[in-house]
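The values are calculated or read from the model by the stated rules, or taken from the named source; none is laboratory data. It should be emphasised that the depicted structure is a prediction, and the values quoted were computed from it without experimental measurement. Virtual Cβ from ideal backbone geometry, glycine too; neighbours counted across all protein chains shown. Accessible surface areas use protein heavy atoms only, side chains included; no ligands, DNA or RNA. Shrake-Rupley method; radii C 1.70, N 1.55, O 1.52, S 1.80 Å.
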There are 2 protein chains.
Amino acid sequence: MNIPRSSFPRVVIVGGGFAGVAMAKELSGKEVQVVLIDKNNYHTFQPLLYQVSTGGLEPDSIAYPIRKILQDYPNFYFRMAELQQVLTESNELVTNLGMLAYDHLVIAVGSETNFFGNDEIEQNGMAMKSIPQSLNLRSMILENFEQALLTDDLHERDALMNFVIVGGGPTGVELAGALAEIKKGILPKDYPDLDTRRAQINLIQSGDRILKEMSEKASKKAEDFLEGLGVQIWKETRVTGYDGKKVTTKTDLKFDAATLIWAAGVKGVSVKGLDFENIVRPGNRLKVNEFNQVEGYTNVYAIGDIACMENDDTPRGHPMMAQPAIQQGRHLGENIVRALDKKPFKPFEYKDKGSMATIGRNKAVVDLKNYRFQGVFAWFVWMFVHLFFLIGFRNRIVVFVNWVYNYVRFDREARLIIRPYQRDYSQFKDSDTA
Amino acid sequence: MNIPRSSFPRVVIVGGGFAGVAMAKELSGKEVQVVLIDKNNYHTFQPLLYQVSTGGLEPDSIAYPIRKILQDYPNFYFRMAELQQVLTESNELVTNLGMLAYDHLVIAVGSETNFFGNDEIEQNGMAMKSIPQSLNLRSMILENFEQALLTDDLHERDALMNFVIVGGGPTGVELAGALAEIKKGILPKDYPDLDTRRAQINLIQSGDRILKEMSEKASKKAEDFLEGLGVQIWKETRVTGYDGKKVTTKTDLKFDAATLIWAAGVKGVSVKGLDFENIVRPGNRLKVNEFNQVEGYTNVYAIGDIACMENDDTPRGHPMMAQPAIQQGRHLGENIVRALDKKPFKPFEYKDKGSMATIGRNKAVVDLKNYRFQGVFAWFVWMFVHLFFLIGFRNRIVVFVNWVYNYVRFDREARLIIRPYQRDYSQFKDSDTA
């Protein structure tokens, strides 16, 4: 891959997400050569993807060029490359750009949408784990409304304005809230010739409450908020299929809907070449020890969503979210530096800083260790925390400006179909939708 | 197309560019039914496309949802539809969404890149007349540098870092200046392992000066600015071919370049169904009289780039730029209102407000009627005017924030390859590039 070897050991980090970037920063100026590879040339701030999908933010403001992050660090290399296979015997990676040797390998490839093997849903539903996916969803939501204008068939029109969101975690909740606000504040103005009151937002949750990782208080309040915004919540409901127009569930419940957004789970991105039989945990994660070393290897590490560190506090690994990823990235960076100084590794300890979700304007829920609160103050805390963790000064300002504008004007101006989502609407023409 | 008829006459405007939007605004609240169709759901602020291509702005900040523009106007309809043919006998349009009847038809379809029949250049060169095209160009510029890192062949690497811009009008000049600033300020930091001094920016102009529509003083100064930034200007040079790697010209001059950007001309978008033989003017424009009526028709009008109003002051029609489009749109709107009041049409008079172009940081040229100036003040005037004409308060703020940031930090952070431009780089592998 045309990267000169230095006299320092080479650390190859695969993935420029929260974990990979945090680790790279930690290694800045240290006696290692760091090579970061990612299939994109940018870091994505995933927690705000739903705002891109719903026209509240531009994609450019939640993405950040990885080269810019590494710009001021000496001895750093970035390559826009995709990992194809790990050759642990020879300490090399196979990538689409050729071979890459490593001394230490850090797998930080993150997670992808988990359809739990349901190909039909995977093919017809929308996922929201990357910027292109979010833009596709944005285009499709807007195209659905343009299409709804064109039909006189009430059933067809209703299906085009019916949104089914599967998964009551933060992503599903935040998306449902944003869509409800669009329905209330924007659609009636944008589509005066359409009865947009008939638009429906359905949030489907398999368990008995939404935001099940948070406190019961937070779940309850989030449900109240969503219902106040007109979102239909269906609990203890399991979606079994979606052919592009009809959503089926385990019970008799069915929905005619042009849009199904699948936010019901994630799984680790597969990495070829590791001794998988022994190290794969549920959700396709890699079993690591307390130093984030992948089981059976001493110079192969996994951090972030892909890592499953099972201990007493976290028998099923840490939550697949930004905070554990950032903390593991930093910690492993420190451990590598420690090893350079011939000091032993320290075990990773997760500091749970709490969790939060926003439902809409002035509506959020926050669970901290000792405080739990909901409403306006929670909403401000949510915004502050997200601005703080966003990478880049320009991004922060642009996001802040958008939020102030959206708040004051009850608006979301980025409702642009820049690259249409190529969809065949003819399927909705036949009467079966009725 | 499912639009109810009202008792008012229906004005159908085809195209939501400067001309169409200006006219729609003028008709707000008047006794007409207005139907605006556009193939996109957004208005594009074309003068800033080059900043999207060069990572200085996000596309969302120079686009504006057309529905939002029309939101507060009663009796307005928008459809995201493409005009396929005009049936002047029956006063109807054929569109991809079906038929649409009109009483008055306003053709405001604008212009597209004119390759002057050279299919090879059209196929291998990049155009920059729409947001998707600008994003493709952005991706390709960045992908070229990523690719340049991967080769040890100096000739191949040079070709990947060689940019040929054809056309010395405002678009070509502004793009060349922006690329030169990227070369100077960003590439050395982003690609420390690449000798980015070898990157070349070539601006090719067929005539004897760039910015030929402006004063000689402005041309001269713009050339000085560009040369100061390291741009190679080739005058009296006509490009004859480009196979994707080699640019040929009428003389012996040749360039090995992975990127050719064609900004050498525009032509009116073709409209099927009009009596073309008699009304088409050079550049595929429609001949209109002083009321913007298309020759031979009384209820078919053309405004903006597509209209060619030949009179003593403008024997070849007005310049294909924003100002004549906006003025014609407003004027025709006023004339339609006048006709509703049984008053006669007034002839269009173009008020030339001058022209300007920016080359880079603190460097612009402005020609007003009585004043001509260049440099820092011209640059501030250029920015102020562009912010003023940008539609939407949010867009203005976001663009302003980006400009301040880029100015203070000598940076352009939107250098993101969000949708890779699918390119076959293998063609550069063979030795022919050398």
Before we move on, is B:LYS221 free of Cβ contacts under 8 Å to residues at least 60 places away in the same chain, under 24 Å from the mean Cα position of the chain (by Cα), outside any loop (DSSP other than H, G, I, E, B) and surrounded by 14 or more Cβ atoms within 10 Å (Cβ to Cβ)?
no
Tell me, yes or no, whether the stretch B:170-192 has at least one residue that is open to solvent by 10 Å² or more (accessible area, probe 1.4 Å), among the acidic types (Asp, Glu) and in contact with a Pro (Cβ under 7 Å, 6 or more places away or on another chain).
no
Select from the stretch A:412-428 the residues that are within 9 Å of chain B (Cβ to nearest Cβ) and within 15 Å of B:VAL398 (Cα to Cα) and list them in ascending order.
A:GLU413, A:ALA414
Pull out all pairs, ordered by first then second residue, where Cβ-Cβ is under 6 Å, the residues are six or more apart or on different chains, the first lies in the stretch A:391-406 and is on the phi > 0 side of the Ramachandran plot, and the second is open to solvent by 10 Å² or more (accessible area, probe 1.4 Å) and of a type in the set (Ser, Thr, Tyr).
A:GLY392/A:TYR64
Expected single match for touching a residue at least 40 places away in the same chain (Cβ under 8 Å) and within 12 Å of another protein chain (Cβ to nearest Cβ) among A:LEU142, A:LEU150, A:LEU179 is A:LEU142
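Yes or no, residue by residue, for (1) assigned by TED's automatic domain parsing to the domain that holds B:LEU160; (2) hydrophobic (A, V, I, L, M, F, W, C); (3) farther than 18 Å from B:GLN200 by Cα:
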| site | (1), (2), (3) |
| --- | --- |
| B:ALA218 | yes, yes, yes |
| B:GLU227 | yes, no, no |
| B:VAL231 | yes, yes, no |
| B:GLY244 | yes, no, no |
| B:THR248 | yes, no, no |
| B:ALA258 | yes, yes, no |
| B:LYS272 | no, no, yes |
| B:ASN278 | no, no, yes |
| B:PHE291 | no, yes, yes |
What are the residues in the stretch B:26-43 that are at pLDDT below 95 and out of contact with any helix residue (DSSP H, G or I) (no Cβ under 6 Å at 6 or more places or on another chain), if any?
B:SER28, B:GLY29
Single match in B:PRO324, B:PRO319 (criterion: assigned by TED's automatic domain parsing to the domain that holds B:GLY16, closer than 24 Å to B:ARG372 by Cβ and in contact with a Gly (Cβ under 8 Å, 6 or more places away or on another chain)):
B:PRO324
Can you tell me which residues in the stretch A:182-233 are within 14 Å of chain B (Cβ to nearest Cβ) and not aliphatic (A, V, I, L, M)?
A:GLY185, A:PRO188, A:LYS189, A:ASP190, A:TYR191, A:PRO192, A:ASP193, A:ASP195, A:THR196
Within the stretch B:15-27, is even one residue crowded, with 22+ Cβ neighbours inside 10 Å and assigned to a strand (DSSP E or B)?
no
Expected single match for crowded, with 18+ Cβ neighbours inside 10 Å and at pLDDT 95 or above among B:LEU87, B:LEU97, B:LEU70, B:LEU83 is B:LEU83
When the stretch A:118-133 is checked residue by residue, the ones that are facing chain B (nearest Cβ under 9 Å) and out of contact with any strand residue (DSSP E or B) (no Cβ under 8 Å at 6 or more places or on another chain) are A:PRO132
If a residue must be touching a Phe, Trp or Tyr at 6+ places or on another chain (Cβ under 6 Å) and either outside the structural domain of A:GLN323 (by TED's automatic domain parsing) or closer than 20 Å to A:GLU92 by Cα (or both), how many such residues does the stretch A:9-41 contain?
7
Read through the list (1) part of a strand (DSSP E or B); (2) under 25 Å from the mean Cα position of the chain (by Cα); (3) surrounded by fewer than 23 Cβ atoms within 10 Å (Cβ to Cβ), then give the number of the only condition that A:LEU260 fails.
(3)
Result of the Cβ filter at 7 Å on the stretch B:281-303, keeping first residues that are touching a residue at least 24 places away in the same chain (Cβ under 8 Å) and partners that are charged (D, E, K, R) and outside any strand (DSSP E or B), at least 6 apart or interchain, is B:ASN299/B:ASP103
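Residue-by-condition table, conditions (1) at the interface with another protein chain (Cβ under 10 Å from one of its Cβ atoms); (2) more than 30 Å from B:ILE66 (Cβ to Cβ):
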{"residue": "A:SER53", "(1), (2)": "no, no"}
{"residue": "A:GLN84", "(1), (2)": "no, yes"}
{"residue": "A:SER90", "(1), (2)": "no, yes"}
{"residue": "A:THR95", "(1), (2)": "no, yes"}
{"residue": "A:ALA101", "(1), (2)": "no, yes"}
{"residue": "A:LEU105", "(1), (2)": "no, yes"}
{"residue": "A:VAL109", "(1), (2)": "no, yes"}
{"residue": "A:LEU135", "(1), (2)": "yes, no"}
Any residue that is within 23 Å of the chain's Cα centre (by Cα), away from chain A (no Cβ under 13 Å) and not basic (Lys, Arg) - is there at least one of those in the stretch B:389-408?
yes
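For every residue, the table says whether it meets (1) out of contact with any Pro (no Cβ under 7 Å at 6 or more places or on another chain); (2) away from chain B (no Cβ under 14 Å); (3) of a type in the set (D, E, K, R); (4) under 30 Å from A:PHE145 (Cβ atoms).
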| position | (1), (2), (3), (4) |
| --- | --- |
| A:VAL11 | yes, yes, no, no |
| A:GLY20 | yes, yes, no, no |
| A:TYR50 | yes, yes, no, yes |
| A:LEU70 | yes, no, no, no |
| A:ASN75 | yes, no, no, no |
